[in-house]
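As structure tokens, the structure follows; a few thoughts come after it.
The values are calculated or read from the model by the stated rules, or taken from the named source; none is laboratory data. Here the structure is a predicted model, which means the values were calculated and not measured. Cβ placement follows ideal geometry from the backbone for every residue including glycine, while neighbour counts extend to all protein chains displayed.
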Amino acid sequence: MTATVGYRRVSSTDQRLDRQDLGTVDKVFEDHASGKDRDRPGLAACLAYVREGDTLRCYSADRLARSLVDLIATVDDLTGRGVRVEFIKEGLVFDASESADPYARCLMQVMGAFAELERDLIRTRQAEGIALAKGRGAYTGRQPALSPDEVRVARQRHRDGVTLARLVKDFGVAKSTMQAAIAGTGVYAGVAA
């Protein structure tokens, strides 16, 4: 039995998924994550779920991927597995049939290139804004998750044999944060042992 599967993505938790109307679908997968990488739990589950004969419906090509390379690879992988891909906003449909529309593929590539350009422009403007704010002294960056006292305690406990996993749980921080604190790197470089 074939299914129509939907995939929706927004970049942040304060954005609304319901603006991406997918019509009638049998199952929907969603992400609140940047499209810059493919490591999104909703996308991974969606790609694992769809089977030959299914249709994957996305509101727009830039919701599936923000990189032209990822967009093409994802669509090619899906159509190669016999999954039909639909982008509602652009009105594009892709499948593995011999009569696949070459103009649709070209338009997808153009749309993917613009999505990638938009992401790069956002990143450039953000970097420029941060540089200006730093010049004014208004940007201090992200505050460390651990205080200097917490870093010293974590280091001592680690020397006493407490595992990294236990420290991460006890302090309620990410593994990478605890690794940096123990190693004295990044924002924790200046914390004396």
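Pick out the one residue from Arg38, Arg66 that is in a loop (DSSP other than H, G, I, E, B), among the basic types (Lys, Arg) and surrounded by fewer than 20 Cβ atoms within 10 Å (Cβ to Cβ). From the options Arg38, Arg66, the qualifying one is Arg38. Every condition in (1) closer than 20 Å to Thr2 by Cα; (2) surrounded by 20 or more Cβ atoms within 10 Å (Cβ to Cβ); (3) not aromatic (Phe, Trp, Tyr) is met by Gly80 except one, and the failing one is (2). Residues in region 136-163 that are modelled with pLDDT under 90, hydrophobic (A, V, I, L, M, F, W, C) and surrounded by 10 or more Cβ atoms within 10 Å (Cβ to Cβ): Ala145 only.
In region 114-132, of all residues being basic (Lys, Arg) and surrounded by fewer than 12 Cβ atoms within 10 Å (Cβ to Cβ), the one that is nearest to Ser11 (Cα to Cα) corresponds to Arg123.
Glu86 fulfils the conditions (1) assigned to a helix (DSSP H, G or I); (2) over 19 Å from Arg40 (Cβ atoms) except for a single criterion, (1). Quick check on my filter: what residues within region 1-21 are part of a loop (DSSP other than H, G, I, E, B) and either more than 19 Å from Leu43 (Cβ to Cβ) or over 20 Å from the mean Cα position of the chain (by Cα) (or both)? Across region 1-21, the qualifying residues are Met1, Thr2, Ala3, Asp14, Asp21. Sub-6 Å Cβ pairs linking a first residue in region 19-33 that is in contact (Cβ under 8 Å) with a residue 12 or more places away in the chain to a second residue that is aromatic (Phe, Trp, Tyr) and surrounded by 10 or more Cβ atoms within 10 Å (Cβ to Cβ), at least 6 apart or interchain, are Gln20/Tyr59; Phe29/Tyr7, ordered by first then second residue.
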